[in-house]
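To start, the structure itself, in structure tokens.
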Amino acid sequence: MSDAASAETDDGTTPTGPADPLGPGSMLYELSHQARWGLVATRAIVLEAAHPQIGAALITNSTFVAHPWRRLHNTVISTQRMVDPDEQVRHREAARLNRLHARITGVDAEGRPFNAADPEARTWVVATLFESTVMMRRLSGQSLDGPALDRLYAEFRAFLALMEPDGGKLPPTLREFWHYYDFMVNERLENTEAVHVILDRLFTQVPAPPLLRDRPAVWAAGRALVSPVATAITVASLPETLRIRLGLSELPGTHTLMHTAYVSTRLATQLLPEAWTRLDTVMAMLDPAYAPQTGGDALSGLRSGAAKAGALLRLLTPVPGTAAVGDSTVRSAARFFSEVLDQTGNGYLDWPDVAAMAREIATRLDLDAAEEDRLFTAFADWWKDLQRELDSDSDGRITGHEYAAAAAAMTSPALIKVAEVLFDVTDTDNDETIDTQEYRDLFRTAFNHNPGNGGDADNSDEQLKRSEFVRRFLNFMTGRQHSGAYDRLFAQS
Amino acid sequence: MRGMPRHVAFVMDGNGRWAAQRLLPRTAGHMAAEAAVIDVIEAAHTAGVEWLSLYAFSTENWRRPAVEVDVLMRLVRRAIRKHALALHMRGIRCRFLGVTDPRIPPWLARDIADLMVLTRDNRRMTLTVAFDHGGRRDIVEAARSLIRDGVPPEEVTEESFARHLPHPDMPEVDLVIRTSGEQRISNFMLWQVAYAEWMFPPVLWPDFRAAHFRECLDTYQRRDRRFGGVQVPTVTGKGL
């Protein structure tokens, strides 16, 4: 298999499809590295949210409303790992996703249990991605012909099969797939809360990407223009039966708008220099700390240009006149609660928030199963402590008010344990110090006390000892001390 | 007559006294300093100085009253934002020396990082702002770095040591100008000033202008030619 794959990589694509359905040369690989993949993913997530189980999981556990850019970052990296040329990378990522999904379980508002690892739900996720890809090609005037459709479908099936030991539940043929898709849209999808959260809250209130997070006014102005258009385009592209069920009417002219948008992205992809429309480039532009998985030296010049443009934009954007957000080194308990602790953005601190922190760390460090377990256990113990100390009305969740009233109780031995486990899993070479690379893996940034050197000199001599690491973590979590690095990890959108 | 100094460094002294003379708070002196900074950058740029270093804030300055430190931080931010584009368009690469203390507010660290990213490929002149800088600390850090790299003692030379200092590509300082007549080194770029000429014009930093700078450059160029103890012009202090 790997021989076939490497042979394929050398001579590019073939009309019949490569022996390796994922990886370089596959349609999926190509698409998932293009910026317009964003259109596919956005539409797909609305279709996913209308699935009752997935919708419930999204609403209760996902951080995508409060931290959409971080979530996008993780999704992009995960997808690119799933189509990585190295099969081992793919399998490792699939196993990681399986563990991550298995931890997301619960009961929805109507008492129905959900489980993110449920094969039926996961089949639907991959189905929506496939269908949205087909739709994207069709709307942008690049309909796929029969053989290409078959090939793309086979690739998506292989994608799902990576995660599902039995190969997944996507129907074997394309014809059966469309039956399945129609059945799901007509019979299974519901008018869920999650869909409306996405359409009403995510699009209209999406927080600024890292590039503009110090400039909320600029972001808000741009968002006010773009958000209604994005919503209209997404709604217009949904299946009509679903649109009606969701109570969403199609505004006049949106079909034209939608076609224009899709065709524009196609033209951009075709006409602009290839590097400009790569997903990596867009991500690097939005988030200066974004480091693509692959080397790609050809893009480094462009990325450097994007980084400079971002820097200039930030420097030229006026600072809000009065006491600017983030001006203080110590934040109020209320802000710490909403910016750091309430990861899902529902106004409460409950287990999904704590789990989201653990998940974020596990994702960044690409932990193996045993380390991931240690980390989740440590966070779970801390959560039990928190509940015992702070949940004064015993409703299983902590309000901002409850937290503010007893924030000092945050320094529990369990929190120190969390810090220690975090140190252990970050210190991959077990030399009892966090070196530059380990620090970067966790925080996606250089040592924060050294913004100097402009990235061109090597700071390979910096290290962080266990005690100092634990001290900083506790300072951040209890003293509510601002920390550039931990803010990036937990508070940043 | 020798040429233009390649690397000129400034100890910008006298803001507080400048303000006190006018019965203003010390912070007013810092505000007035901005004009001098811009004037000197322009003058250095025009004169063809390749490396310009400014001592803006020492590791000892953290001991000043919190309010003054806070105002300074805000002033630096304002100056960076106001002049970033102009500096960039003049081909000036901006770098910072020091900037390690966690007390530096995140918004300032961000602007500093942005300014460095924006101008990193410029080569016409390199402006190094020593901010939260201490010369001894740099030397200690370099020693640590050598030890960590396991460099054997016999291989430690002045050249190999210098490669472990921050910004190892920075040439040695040719000329240091400390305003306000004070004659101290104040822990400023200790390694790099080893062979520098020093000048101590009495003018306070907020009053220092391009003309004063040109005078210093002129003196520097003539000093070598008249090597052997000719009286230096009034604008400089006793020199060596």
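When the trypsin sites (Lys or Arg not before Pro) in the stretch B:69-108 are filtered for DSSP coil states and for at most 15 other beta-carbon atoms within 10 Å of their beta-carbon, the remaining sites are B:R103. Here A:T317 and A:A224 are evaluated by their C-beta separation; at R0 = 22 Å the FRET efficiency comes out at 0.85. Accessible area per residue was computed with a 1.4 Å probe on protein heavy atoms; B:V71 scores about 30 Å². If I take every Cα pair under 8 Å that is 6 or more residues apart in the stretch A:30-106, average their sequence separation and divide by the length, what percent do I get for the relative contact order? Over the stretch A:30-106, the number comes to 23 percent. Among B:L75, B:L24, B:L175, the largest mean-square fluctuation in a Gaussian network model of chain B (Cα springs under 10 Å) belongs to B:L24.
Translational diffusion coefficient of the stretch A:2-265 (Stokes-Einstein, Kirkwood radius from Cα pairs, 20 °C, 1.002 mPa s): 111 µm²/s. Neighbours of B:A79 by Cβ distance under 11 Å: Lys/Arg scored +1, Asp/Glu scored -1, total +3. Using R0 = 22 Å, the C-beta based FRET efficiency linking A:S467 and A:N430 works out to 0.85. Calculated accessible area for the stretch A:2-265 comes out at 42 Å² per residue, all protein chains present (probe 1.4 Å; ligands, DNA, RNA ignored). Counting Lys and Arg as +1 and Asp and Glu as -1 over every other residue whose Cβ lies under 10 Å from the Cβ of A:L144, the net charge comes to +1.
Farthest toward the positive end of the dipole of chain B, out of B:L87, B:V76, B:L23, is the Cα of B:L23, where the dipole comes from beta carbon charges about the Cα centre. Based on Cα atoms of the stretch A:33-144, Rg over Rh with Rh as the Kirkwood radius reads 0.98.
With +1 on the Cβ of every Lys and Arg and -1 on the Cβ of every Asp and Glu, and nothing else charged, how large is the dipole of the stretch A:2-265 about its Cα centre, in debye rounded to the nearest 20?
980
A Gaussian network model of chain B, with springs between Cα atoms under 10 Å, assigns the largest mean-square fluctuation among B:A210, B:A33, B:A20 to B:A20.
Computed over neighbours whose Cβ is under 12 Å from that of A:F473, the net charge equals +2, Lys and Arg +1, Asp and Glu -1. Applying 0.36 nm per residue to the separation of A:S78 and A:R175 and subtracting their alpha-carbon distance, the gain on full extension is 32.0 nm. Of A:K417, A:K308, the residue with the largest accessible area leads and the full order is A:K417, A:K308 (1.4 Å probe). Between B:L146, B:L165, B:L52, the GNM of chain B built on Cα springs shorter than 10 angstrom shows B:L146 fluctuating the most. Annotation for the stretch B:101-196: chymotrypsin sites (Phe, Trp or Tyr not before Pro) lying in DSSP loop with at most 13 further Cβ atoms inside 10 Å of their Cβ are B:Y195. In chain B, helices alone account for a calculated mean residue ellipticity at 222 nm of -14000 deg cm²/dmol, with every DSSP H run of four or more residues adding -39,500 (n - 2.57).
The label point for A:E193 and the one for A:A369, both projected 7 Å from the Cα toward the Cβ, are 3.4 nm apart.
The values are calculated or read from the model by the stated rules, or taken from the named source; none is laboratory data. Predicted model only: the values in this text are computed from it and were never measured. Here Cβ is always computed from backbone atoms with ideal geometry, including for glycine, and neighbour counts include all displayed protein chains. In case anyone asks, the SASA skips ligands and DNA or RNA and just uses the protein heavy atoms, side chains included. Shrake-Rupley method; radii C 1.70, N 1.55, O 1.52, S 1.80 Å.
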